[in-house]
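Here the structure is laid out as structure tokens; the discussion comes afterwards.
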């Protein structure tokens, strides 16, 4: 498996590029950067002879979708997001780009994701977990011993719930009933900040103690 983490955009979003070395199919998770960072993704794809099959957004905030348009324009990748966040792609108020001084819209989704969906890249399989809270359509993705948690769970923190359309209660329920049911050795790759493990967050995350 090919795996690369890129830190992109003003909010230092973690963008992940994964690929099957056998099938040469790849997916990018949360391309939140703009032209320079999108070019870096494209260069990595070319250097490794990968075909970008999917662009996956863990949710619809601007810092996770800003590169969608450029990647869609330069590849044949399909854009995937949970159906409850799909409206955010094309609405600058709902994706919050209007508040950054630079309104950005993404192309609409090619496919809506739901709980339990599988995204296949050759021999690799990503499984979708619906984790509402930070947004109503927030998702996490399981790949082997990895879980990509978007802005649901961070190392030592959790996603913001002081924005319109979010719910602290839903976020806590998503984490405790879905993520904390995973094995302690699952490696957490979040939407911002360093990686962790489910066990580490279970033991030390101050936001999960209630």
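The values are calculated or read from the model by the stated rules, or taken from the named source; none is laboratory data. What you see is a predicted model; the values in this text were computed from it and never measured. Cβ sites come from the backbone with ideal geometry, for glycine too, and all protein chains shown count toward neighbours.
A residue that is at pLDDT 95 or above, within 13 Å of the chain's Cα centre (by Cα) and over 14 Å from residue 61 (Cβ atoms) occurs nowhere in the stretch 157-172. Only one of the listed residues (138, 133) is within 14 Å of the chain's Cα centre (by Cα), buried (at least 20 other Cβ atoms within 10 Å of the Cβ) and over 23 Å from residue 23 (Cβ atoms). That residue is 138.
Note on the stretch 53-94: residues that are more than 16 Å from the chain's Cα centre (by Cα) and either crowded, with 24+ Cβ neighbours inside 10 Å or closer than 13 Å to residue 15 by Cβ (or both) amount to 1. Count of the stretch 187-210 residues, restricted to those that are touching a strand residue (DSSP E or B) at 6+ places or on another chain (Cβ under 7 Å), in a loop (DSSP other than H, G, I, E, B) and surrounded by fewer than 18 Cβ atoms within 10 Å (Cβ to Cβ), is 2.
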